[in-house]
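Below is one structure, written out as structure tokens, with a few remarks after it.
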Amino acid sequence: MTALQRLFKFHGGVKPAYNKEASTGLPIAVAPTSTRLVIPLHQSIGGMPRPMVAAGERVLKGQRIGGADGNVSSAVHASTSGTVVAVEMRLMPHTSGLSALCVVIEPDGRDEWIPRQPFDFRSATPTQTRDYLRDAGVVGLGGAVFPSYLKLNPGKQGKLDTLVLNGAECEPFITCDDLLMRERAATILDGAAIMREMLAAGQVLIGIEDNKPEAIAAMEIAARAANAAAREDAFKVVSVPTRYPAGGAKQLMRVLTGIEVPHGKRSTDYGLQCFNVGTAYAIYEAIALGQPLISRIVTVAGNVGKARNYEVLLGTPMRDIIALCGPLPDSDRVIMGGPMMGLLMPDDSVPVVKAANCVLVGSKKLFPPPPPEMPCIRCGECAKACPSDLQPFEMYWFSRAKIFGKAQEYNLFDCIECGCCAYVCPSRIPLVDYYRFAKSEIWARETEKEAADVARERYEFRLLREEREKQEKAAKLAAKTAAGREKAAVALAEAEKPAVTPEQDAKKALIAAALERARAQKEQAHPENVSNLTPEQQAEIAAIEARRAEIREMAKPHLRQDD
Ligand code: SF4
Ligand code: SF4
């Protein structure tokens, strides 16, 4: 019995033909190792890993060959043991047909692992565990390839209400998660238990579309065991209605909890975090077994005789796994992913990467060319189908007219490129192509603008520095000139002083002698009022002096010693 959980609806969505039966008839098989593995260094969102090996080196299975670079990046590893024959630019599994740096390995057939040991995350700090997972190369395996270590953070509040495990797998043809859940349910939940502990999450809701009854049954058995181990009812399998794109993280969180995470906000702010079931499996392998991410389950389907899921070493050329399924003679294209959101490959030699959940072989019969594009009739069907609540026809109009600012005003970057709008458009307008074009143009312009800003800042800084140096030079020169002028003025004044003659010296001496005489006379002079006194006056003065002396004698005892 699936858990009784109140379900919520998300806006829009479509019900395409699912075509999942063809690849679910057989269990997952291990794809043979190819004669050459081409492992792109850039396999996740974020910075490109630095190469850690050179041509000629021997590498072991699981050895790190690309080190994570920057805050958002994830390591890559050798998928088997062998010799690095080149580190060079190779064609990428991308519609653009561009090349990127790859490590080319010639397997030695021994498949020799690096020493592996479990990582004791309970004794490690959260940062150490996240660093470990970054170096183990674990990324989201639902197709988004976002580095998982960045999502294993409970956010500000330090805990979460709900960990959502995404087993919805809503894209047509793709069944890799379905098969993984059927065959390895217990391991997925062991990984989920590790994530739950790291995120301090309350419940774990496992959302699976109701068109996968076997997967639901297998996960329920595993959930009962996990609940028994945790001694609580934390793990719940929830069957969700089949409606594309129920497997979008936002849509699934909305269906399971009713919470709509606004654009630009983190789901952890709302007590939620969502991981694909394949990612939970990879986290278990990394933490419990010490095995980095070197392989993934890939659905090979479409125009092939025997569609199937394979466990494929990363770096395996797509043509090698297509060959295992018997491609039909009229095959004319390879798509990585499903028909709704997948990317057309430049050819079938490109390697399987972490994002490759499906290798879909196409033909004109399977995917007939769309009828010619007609003008938009503003019927509004695209807006009704959009799960992101956007106005697709407005975004189309502005993208087509290259008025990118306006397209952004209509929240172009909220578009998840699900293709629902194009699927329902009666005018058969390839709407998503217009959005991808507009997004890439905006990114290119942003990059150019950033580069131009950096160049302008550098130029302005150089001008500023040159101006400052010029001013400093001028100030130094002015100071030097002023000092020189002062020195010259002093020298000139000295030079212009009149010379002293012997006559002038004699005159000075005479003046000084006269002044000295006047001073001596002044000292010898008596006061006018006591000179030429009569004898009576002198007797009177003597009497006065005698009285004063008498009074002084009488006052002596009353005076202090120091008076
Ligand atoms: S569905 Fe197509 S025709 Fe209708 S409004 Fe949208 S873009 Fe225009
Ligand atoms: S592709 Fe974008 S605009 Fe179209 S339905 Fe999906 S989210 Fe909406």
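General remarks:
- The condition (being farther than 30 Å from N411 by Cβ, modelled with pLDDT of 95 or more and among the hydrophobic types (A, V, I, L, M, F, W, C)) is satisfied by just one residue among L189, L199: L189.
- Total residues in the stretch 378-395, condition in contact with a Pro (Cβ under 8 Å, 6 or more places away or on another chain), farther than 21 Å from S440 by Cβ and more than 9 Å from ligand 1 (Cβ to nearest atom): 1
- G405 meets each of the listed conditions (1) free of Cβ contacts under 8 Å to residues at least 12 places away in the same chain; (2) among the small types (G, A, S); (3) at positive phi apart from (3).
Conditions tested, residue by residue: (1) charged (D, E, K, R); (2) open to solvent by less than 30 Å² (accessible area, probe 1.4 Å).
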| residue | (1), (2) |
| --- | --- |
| G46 | no, no |
| P49 | no, yes |
| A55 | no, no |
| G62 | no, yes |
| H77 | no, yes |
| T95 | no, no |
| V103 | no, yes |
| E106 | yes, no |
| P118 | no, no |
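- Per this entry, T162 is not counted among residues that are among the β-branched types (V, I, T), part of a helix (DSSP H, G or I) and at pLDDT 95 or above.
- The lone exception for A86 - which of (1) under 26 Å from Y310 (Cα atoms); (2) open to solvent by less than 50 Å² (accessible area, probe 1.4 Å); (3) assigned to a strand (DSSP E or B) it fails: (1)
- Taken as a whole, the structure leaves A282 outside the set of residues that are touching a helix residue (DSSP H, G or I) at 6+ places or on another chain (Cβ under 6 Å), more than 23 Å from I416 (Cα to Cα) and buried (at least 22 other Cβ atoms within 10 Å of the Cβ).
- Any hit, the stretch 437-460, residues being of a type in the set (F, W, Y), surrounded by 10 or more Cβ atoms within 10 Å (Cβ to Cβ) and closer than 27 Å to M374 by Cβ: yes
- Some residue of the stretch 396-403 being charged (D, E, K, R), more than 16 Å from ligand 1 (Cβ to nearest atom) and more than 30 Å from P40 (Cα to Cα): yes
- Top-ranked residue in the stretch 128-156 [being open to solvent by 60 Å² or more (accessible area, probe 1.4 Å) and modelled with pLDDT under 95; ranked as farthest from L314 (Cα to Cα)]: K156
- Subset of the stretch 120-143 [over 16 Å from A75 (Cα atoms), outside any helix (DSSP H, G or I) and in contact (Cβ under 8 Å) with a residue 40 or more places away in the chain]: F121, R122, G142, G143
- Summed over the stretch 300-329, residues that are charged (D, E, K, R) and not in a helix (DSSP H, G or I) total 3.
- Residues in the stretch 17-44 that are open to solvent by 30 Å² or more (accessible area, probe 1.4 Å), part of a loop (DSSP other than H, G, I, E, B) and among the charged types (D, E, K, R): R36 alone.
- Here S99 does not qualify as crowded, with 16+ Cβ neighbours inside 10 Å and without any contact (Cβ under 8 Å) to a residue 60 or more places away in the chain.
- Top-ranked residue of the stretch 330-344 - restricted to ones that are farther than 28 Å from R134 by Cβ and either part of a loop (DSSP other than H, G, I, E, B) or in the same structural domain as A282 (by the TED database) (or both), ranked as least open to solvent (accessible area, probe 1.4 Å): G338
- Filter result for S427 (within 16 Å of ligand 2 (Cβ to nearest atom), part of a loop (DSSP other than H, G, I, E, B) and free of Cβ contacts under 8 Å to residues at least 60 places away in the same chain): yes
The values are calculated or read from the model by the stated rules, or taken from the named source; none is laboratory data. In this text the structure is predicted, and so the values were computed from the model without any measurement. So basically every Cβ, Gly included, is an ideal-geometry build from the backbone, and we count neighbours across all protein chains shown. Protein only, heavy atoms only, side chains kept; ligands, DNA and RNA dropped before computing areas. Shrake-Rupley method; radii C 1.70, N 1.55, O 1.52, S 1.80 Å.
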